[in-house]
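Trainee: Have a look at this one.
The values are calculated or read from the model by the stated rules, or taken from the named source; none is laboratory data. Note that the coordinates shown come from a computational prediction; the quantities given were computed from them, not determined experimentally. Here the Cβ is made from the backbone with ideal geometry for all residues, glycine too, and neighbour counts use every protein chain on show. Note: accessible area is taken over every heavy atom of the protein model, side chains too, but ligands, DNA and RNA are not part of it. Shrake-Rupley method; radii C 1.70, N 1.55, O 1.52, S 1.80 Å.
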Amino acid sequence: MSDPYWNHNVHHHPAVLAAVPDGCGTALDAGCGDGLLARKLAVRAASVTGVDRSPEMIKLAREQAHAPGGRL
């Protein structure tokens, strides 16, 4: 998946993903925003939970997860 945008958090996604062990069962994305990292984690983990204090961001993350190419 290519990054649709860049910011300081996106810059660290490769390091976070590299730290996910093979066979990872669950992952947590705290402060998930629009769910970009959660969607990337879903490729490496059997189950991903994204949490955010903004209901609008959770709504957007859910919509993105179910869009073509999304996976959660």
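Trainee: With runs of 4+ DSSP H residues as the only contributors, calculate the mean residue ellipticity of the chain at 222 nm using -39,500 (n - 2.57) per run, divided by the residue total and rounded to the nearest 500.
Mentor: Calculated mean residue ellipticity at 222 nm is -11000 deg cm²/dmol.
Trainee: List the trypsin sites (Lys or Arg not before Pro) within the range 4-55 that DSSP assigns to loop and that have no more than 12 neighbouring Cβ atoms inside 10 Å.
Mentor: Details: sites: R39, K40, R44, R53; in loops: R44, R53.
Sparse-neighbourhood loop trypsin sites (Lys or Arg not before Pro): R53.
Trainee: Right, here's the next one. Per residue, how much accessible surface does the chain expose to a 1.4 Å probe? Answer in Å², no decimals.
Mentor: 67 Å²
Trainee: At a 1.4 Å probe radius, carbon and sulfur cover how many percent of the accessible area of the chain? Can you show the working numbers first?
Mentor: Numbers: 2740 of 4810 Å².
Percent of accessible area from carbon and sulfur atoms in the chain: 57.
Trainee: Okay, next question. If we restrict to alpha carbons, what Rg and Dmax does the range 13-72 come to, in Å?
Mentor: 10.9, 32
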